[in-house]
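Here the structure comes first, spelled out in structure tokens, and everything after it is commentary.
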Amino acid sequence: MLETIRELAAELCARLEDAEELERRYRTFFLELARAAEVGERGSDQAVWWSRLEDEIDNLRTSMDLARARGDHREELELAVLLKRFWEARSRLREGQRRIENALAAAGGADGVLRARALAALALTINMTGGDASLAAEFSGEALRFYAEQGDAAGVARMTLDLGVAAILAGDFEQAWSLFERALVLAREVDDRRYAYIASHDLTNLAFQEANYPRAIELGHANLASAHAADDPGFVQRATLLLGYIFAGADRGTEARELGADVLRTTVATGFRSVATDAVDLLAIADVAIGEPEQAILFAGLAERLRADSNEPRQPSGERLYRPAIEAAERLLGSERFGEALARGAGLTLEEAVALAAMPHSTGVP
């Protein structure tokens, strides 16, 4: 009897060891996938990598959960941080922020490069979701000090940019200008085209927020060239979208609409959902400007549904143009017609919005 029990126990132990080995391989596979995706998403195959991560999102979540259950919080944290740009592109910033925060706390704060990267990712998510600017600045400041100690000029440039965004959220535009200009100089000194683009984008966006449209247009064209130089499709889409918003603010509605339609078509194809949502907002703004209020509200209905689904707010710079445009459309349409168009728009798919944006003016509303 005892021999039988020992044999059974040995068999169960062997099975357990096999299960643990399978789990280890499983976690390793998806960690390596995320590492490869972080590199691959910077180039022409960006959409392919985001689609791959989307297909594996449940496995990626499970890998993080298993690492946490095993007490391997550094692995959990690394995986959450590696997905930073994916969280943003697929309108999952709040999930990404929550996972990074939880893993960082469980890891006892971590240290070194991983901690700096985690703090940078948290600062990004806080800035993009309109969170606590002082907390974002605190995270960015600590990461900046680490990169400075390591002599990592690109890291210093990135954190200087994030401090500039935090300064905007705090209402200190003068400080933001100074920080963005310094980051641009740093990025160019080390020939880092990615961070040079981001600095250029932030400077352009700041001119837009200040409603300095002549300067914003000049910077916007240079920013688009910088995005192409960085050879990153997502950067090009963001730069094109920002130029469209600038045109809308400068009362150049037709040009704004053309860029909005182009960005929507491209981002729906690549799966860059957060920018696609911003493009839908821009189309609503532009259609009001060119005398298509009903079609504008169809886009507005879709935009509101997409934001409700993602629980991510409209950026203040976009809200500044969006809200007055929608209010103007409601006055033109009347409450009943406005409400009907808004409800119809909420039922649109992004693909239907692409088709609607491609229709000639005055024939778009079915």
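Where a number appears in this text, it was derived from the coordinates with a stated rule and is not lab data. Keep in mind the model is a prediction, meaning the values are calculated, not measured. Glycine also receives a Cβ, built like all others from the backbone with ideal geometry; neighbour counts cover every protein chain displayed.
Reducing the range 98-172 and the range 186-249 to their Cα centroids gives an inter-centroid distance of 22 Å. With K and R counted +1 and D and E -1, the other residues having a Cβ less than 12 Å from that of Leu77 yield a net charge of 0.
Placing a pseudo-label 7 Å from each Cα along the Cα-to-Cβ vector at Arg61 and Leu114 gives an inter-label distance of 2.3 nm.
Shown in residue order for the range 40-56 are the 3J(HN,Hα) couplings computed by the Karplus curve 6.51 cos²θ - 1.76 cosθ + 1.60 at θ = phi - 60°: x, 6, 8, x, 5, 8, 3, 4, 5, 5, 5, 5, 5, 5, 4, 4, 9 Hz (x for Gly and Pro). Give me the net charge for the shell around Gln97: Cβ to Cβ below 11 angstrom, other residues only, Lys and Arg +1, Asp and Glu -1. Here the charged neighbours net out to +1. Computed on the chain, with alpha-carbon pairs under 8 angstrom and 6+ residues apart, the relative contact order is 12 percent. Listed values for the range 116-132 are Karplus-derived 3J(HN,Hα) couplings in whole Hz (6.51 cos²θ - 1.76 cosθ + 1.60, θ = phi - 60°), namely 4, 5, 5, 5, 5, 5, 5, 4, 4, 5, 5, 5, 7, 9, x, x, 6, and x replaces Gly and Pro.
Each of His201, His73, His221 has some number of other Cβ atoms within 10 Å of its Cβ, and from fewest to most they run His221, His73, His201.
May I ask you to list the GluC sites (Glu not before Pro) in the range 69-136 that are in a DSSP loop and have at most 10 other Cβ atoms within 10 Å of their Cβ?
none
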